[in-house]
Amino acid sequence: MLRIGLLTSGGDCQALNATMRGIVKTLENNCKDGLEIYGFEDGYQGLIYSRFRVMTPHDFSGILTRGGTILGTSRTPFKMLDTPEADGVEKVPAMVQTYHKLRLDCLFMLGGNGSTKTANRLAQEGLNVIALPKTIDNDTWGTERTFGFSSAVEVATECIDNIHTTASSHGRVFVIEIMGHKVGWIPLYAGVAGGADVILIPEIPFEMKNVISTIERRMERGSRFTIVAVAEGAISKEDAKLSKKEYKKKLAERTSPSIVYDIAREIEATTGRETRVAIPGHTQRGGEPDAQDRVFATQCGAEAALGCLAGEYGYMISQIGGKMTRTPLGEVAGKLKYVDPECDLIREAKALGISFGDE
């Protein structure tokens, strides 16, 4: 009898259910000795407190197109892993105890960077763990793709598409906040796909004078509107020179809700052009997974299951060079995959006339 555990950790995304379906269907079709499935509720919290559901393959039928996660999710920050819970429970020993109590053969963890660090810690504790790369941000080291990214880009792009019509009708500048605190993959791809005129991402510090000049050039050419796509973590060249402590202090003293409001205010004051802010927010995590995410999530699930059946553990499923592979957790944990400011897409976007605020 093969006994497996499943959990989804961190922020949700559109293809978590599709991935779990891929795992279970592959195991069901290839495991000859029977299968027991334990679904842990609300991420690592379910593993800590032994909150789980005994599930069957039927529970994973019909969920390929369903967004979110049927198991629920939560965040258990890695930096707090050795800090006891409010009730005194020690997290790591409790998770190890639950794993052994259920006599699990493998724990499948669907999560992003912080969750993968915890998975690596559990592997170091001797548990058989396989991680699968979930994050809309596409910032997980060791894989070219993460499931959730394509669907989030689709939502953000649709937002930009819809803003175009109202921006054009009223002759406005729209500043659109796109998810991405530390990396700019979503705003970069959605900005290019949606025809944004300015794209600001954390990896390329900007100067407002360059943003303003782009808008003014468009006005001079007769353009009635400008679309500015801004990552949540976009940063000015001035702020990029600050120490981490100084920058955190400045953020704490900010009176506006986020940087997009500061950018919009300065654009309107300098250009005299009516400027509005649009924030799609958590809609970027919601809805059904798109076709690309369904395929990639299914691939991840199948590859993870095949690895389990082969008795191989301690890695994250990855896609490199278009091929599915396995990357050791120790090589993945604690690393972020940033946008390369010299990458082809940015070079090509600049050739199109898209400004990144750096020149």
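The values are calculated or read from the model by the stated rules, or taken from the named source; none is laboratory data. All of these numbers come straight from a predicted model, not from anything done at the bench. Because the Cβ atoms are built from the backbone with ideal geometry, glycine has one as well, and the counts that use them run over all protein chains shown. Side chains included, ligands, DNA and RNA excluded: accessible areas come from the protein's heavy atoms. Shrake-Rupley method; radii C 1.70, N 1.55, O 1.52, S 1.80 Å.
Helix 16-30 and the long axis of the chain differ in direction by around 30°, with both axes built from C-alpha atoms.
Separation of region 223-252 and region 21-49, taken as the distance between their Cα centroids, equals 42 angstrom.
Computed on the chain, with alpha-carbon pairs under 8 angstrom and 6+ residues apart, the relative contact order is 24 percent. With contacts taken as Cα pairs under 8 Å and at least 6 residues apart, region 1-118 reaches a relative contact order of 39 percent.
Viscosity 0.692 mPa s, temperature 37 °C: what is the translational diffusion coefficient of region 1-155 from Stokes-Einstein with a Kirkwood Rh over Cα pairs, rounded to a whole number of µm²/s? D = 209 µm²/s. The trypsin sites (Lys or Arg not before Pro) of region 1-89 that meet both conditions, a loop assignment by DSSP and at most 12 other Cβ atoms within 10 Å of the site Cβ, are K32. Using every Cα-Cα pair within region 171-224, state what percent have a distance larger than 13 Å. I get 63 percent for the Cα pairs in region 171-224 exceeding 13 Å. Three principal axis extents of region 229-351 based on alpha-carbon atoms, in descending order, are 63, 35, 31 Å.
Quick one: accessible area per residue over the chain, 1.4 Å probe, rounded to a whole number of Å²?
44
Report the gain in length on full extension from M324 to E90: 0.36 nm times residue separation, minus Cα-Cα distance, nm rounded to one decimal.
80.6 nm
For the chain, the longest principal axis of the alpha carbon atoms and the long axis of helix 244-253 meet at an angle near 70°. Only helical runs count toward this figure. For the chain, summing -39,500 (n - 2.57) over DSSP H runs of n ≥ 4 and dividing by all residues gives -12500 deg cm²/dmol at 222 nm.
Leaving out ligands, DNA and RNA, and with a 1.4 Å probe, what % of the accessible surface on the chain is carbon or sulfur? Reported share for carbon and sulfur atoms: 48 percent.
The ratio of the alpha-carbon radius of gyration of region 27-118 to the globular-protein estimate 2.2 N^0.38 Å is 1.17. Label 7 Å along Cα→Cβ of R3; region 74-115 residues with amide nitrogen under 17 Å? Those under the cut-off are 94-108. Accessible area of V54 (1.4 Å probe, protein heavy atoms only, ligands and nucleic acids ignored): about 110 Å². Assuming charge only on the beta carbon of Lys and Arg (+1) and of Asp and Glu (-1), the dipole of region 132-220 about its Cα centre is about 60 debye to the nearest 20. Helix 113-124 and the longest principal axis of the C-alpha atoms of the chain enclose an angle of approximately 20°. Using C-alpha pairs under 8 Å with a sequence gap of at least 6, the mean separation divided by the residue count of region 210-359 gives a relative contact order of 21 percent.
Once the chain from L251 to L352 is taken as fully extended at 0.36 nm per residue, the excess over their C-alpha distance is 33.1 nm.
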